[in-house]
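Here is the structure we will look at.
The values are calculated or read from the model by the stated rules, or taken from the named source; none is laboratory data. Bear in mind the structure is a predicted one, so any value in this text is a computation, not a measurement. Cβ coordinates were reconstructed from backbone atoms using ideal geometry, including for glycine residues, and neighbour counts include every protein chain displayed.
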Amino acid sequence: MISEQQLVEATQEIFDTMIMASVTAHPSLEEKVTNFEETVSSVVGLAGDFQGLVGVHCGEDVARSIAGEFLESEFDEVNEEVKDALCELANMLAGSIKTNLTQQDYNVQISIPSVIHGDYTMIIYSQAEWLMIPFEVDSGRFLVEVQLKGNGSE
């Protein structure tokens, strides 16, 4: 499956090469965060030998900052460009995870990214294996999440 180290390395590589920003990983959370306030979450679904998701969860300020670094612009509000940038970040992470699982001889497809903005609760697969890792950038903290549930064909 996906280890904490693999998720950290994938996130750091994307920030180093695509966003040109340094990012620091913190230890994975013991409990999932499911309630979000004033947050932008981008989610990419996984299908095939696994069901699951890759998610990026950022407070609005952090989302605007990451999008600003990524797009070399400044954003005063969470608009479509900010949401698109977060979707692209989640898509790149999902692509990295798909590559990793494919190298382990699993069949995995990824969906197009979706974005949620505001105050919400998000629970996807309660029985899935999961990792949720906090990362720190100059503007604050964000979470990267992976949930995977085998389809029985592993």
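Could you say whether any residue in the stretch 9-30 is in a loop (DSSP other than H, G, I, E, B) and touching a Leu at 6+ places or on another chain (Cβ under 6 Å)?
At the first step, the residues of the stretch 9-30 found to be in a loop (DSSP other than H, G, I, E, B) are 20-23, 26-30.
With touching a Leu at 6+ places or on another chain (Cβ under 6 Å) added as a condition, the list becomes 28.
Yes, the stretch 9-30 contains a residue that is in a loop (DSSP other than H, G, I, E, B) and touching a Leu at 6+ places or on another chain (Cβ under 6 Å).
Here's the yes/no breakdown for (1) over 12 Å from the mean Cα position of the chain (by Cα); (2) within 17 Å of residue 138 (Cα to Cα); (3) among the hydrophobic types (A, V, I, L, M, F, W, C):
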{"position": "23", "(1), (2), (3)": "yes, yes, yes"}
{"position": "50", "(1), (2), (3)": "yes, no, yes"}
{"position": "62", "(1), (2), (3)": "yes, yes, yes"}
{"position": "71", "(1), (2), (3)": "yes, yes, yes"}
{"position": "81", "(1), (2), (3)": "yes, no, no"}
{"position": "91", "(1), (2), (3)": "no, no, no"}
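Filter the stretch 63-84 down to residues that are aliphatic (A, V, I, L, M) and surrounded by fewer than 23 Cβ atoms within 10 Å (Cβ to Cβ) and give me whichever is nearest to residue 108 (Cα to Cα).
71
For the stretch 24-52, give me the residue count where each residue is within 22 Å of residue 113 (Cα to Cα) and either touching a Phe, Trp or Tyr at 6+ places or on another chain (Cβ under 8 Å) or among the polar types (S, T, N, Q) (or both).
Adding up the residues that qualify gives 12.
Could you check residue 52 against (1) small (Gly, Ala, Ser); (2) farther than 22 Å from residue 106 by Cβ; (3) modelled with pLDDT under 95; (4) in a strand (DSSP E or B) and say which number it fails?
Tallying (1) small (Gly, Ala, Ser); (2) farther than 22 Å from residue 106 by Cβ; (3) modelled with pLDDT under 95; (4) in a strand (DSSP E or B), residue 52 fails exactly one: (2).
State all residues of the stretch 98-115 that are under 25 Å from residue 81 (Cβ atoms) and surrounded by fewer than 13 Cβ atoms within 10 Å (Cβ to Cβ); if no residue qualifies, say none.
The one that is under 25 Å from residue 81 (Cβ atoms) and surrounded by fewer than 13 Cβ atoms within 10 Å (Cβ to Cβ): 112.
May I ask you to verify whether residue 53 is touching a residue at least 60 places away in the same chain (Cβ under 8 Å) and not hydroxyl-bearing (Ser, Thr, Tyr)?
yes
Is it the case that the stretch 118-131 has a residue that's aromatic (Phe, Trp, Tyr), farther than 21 Å from residue 5 by Cα and assigned to a strand (DSSP E or B)? Write out each step before concluding.
Going through the stretch 118-131, the residues aromatic (Phe, Trp, Tyr) turn out to be 120, 125, 130.
Next, from what is left, pick out any that are farther than 21 Å from residue 5 by Cα: 120, 125.
Applying the additional criterion that residues be assigned to a strand (DSSP E or B) yields 120.
Among the residues of the stretch 118-131, at least one is aromatic (Phe, Trp, Tyr), farther than 21 Å from residue 5 by Cα and assigned to a strand (DSSP E or B), which makes the answer yes.
Please go through the stretch 116-151 and pick out each residue that is surrounded by fewer than 18 Cβ atoms within 10 Å (Cβ to Cβ) and either of a type in the set (Val, Ile, Thr) or touching a helix residue (DSSP H, G or I) at 6+ places or on another chain (Cβ under 6 Å) (or both).
Once the filter is applied, which keeps residues that are surrounded by fewer than 18 Cβ atoms within 10 Å (Cβ to Cβ) and either of a type in the set (Val, Ile, Thr) or touching a helix residue (DSSP H, G or I) at 6+ places or on another chain (Cβ under 6 Å) (or both), the stretch 116-151 yields 116, 121, 123, 124, 139, 140.
Conditions first: (1) touching a helix residue (DSSP H, G or I) at 6+ places or on another chain (Cβ under 8 Å); (2) part of a loop (DSSP other than H, G, I, E, B). Residue 89 passes all but one, so which condition is the exception?
Residue 89 satisfies all of (1) touching a helix residue (DSSP H, G or I) at 6+ places or on another chain (Cβ under 8 Å); (2) part of a loop (DSSP other than H, G, I, E, B) except (2).
Among all residue pairs at least 6 apart or on different chains, which show Cβ distances below 7 Å where the first residue, located in the stretch 70-81, is closer than 15 Å to residue 115 by Cβ and the second is aromatic (Phe, Trp, Tyr) and at pLDDT 95 or above?
Pairs found: 81/75.
As an exercise: evaluate residue 6 against (1) over 18 Å from residue 114 (Cβ atoms); (2) of a type in the set (S, T, N, Q); (3) in contact with a strand residue (DSSP E or B) (Cβ under 7 Å, 6 or more places away or on another chain); (4) not in a loop (DSSP other than H, G, I, E, B) and give the number of the one condition it does not meet.
Going through the list (1) over 18 Å from residue 114 (Cβ atoms); (2) of a type in the set (S, T, N, Q); (3) in contact with a strand residue (DSSP E or B) (Cβ under 7 Å, 6 or more places away or on another chain); (4) not in a loop (DSSP other than H, G, I, E, B), residue 6 breaks only (3).
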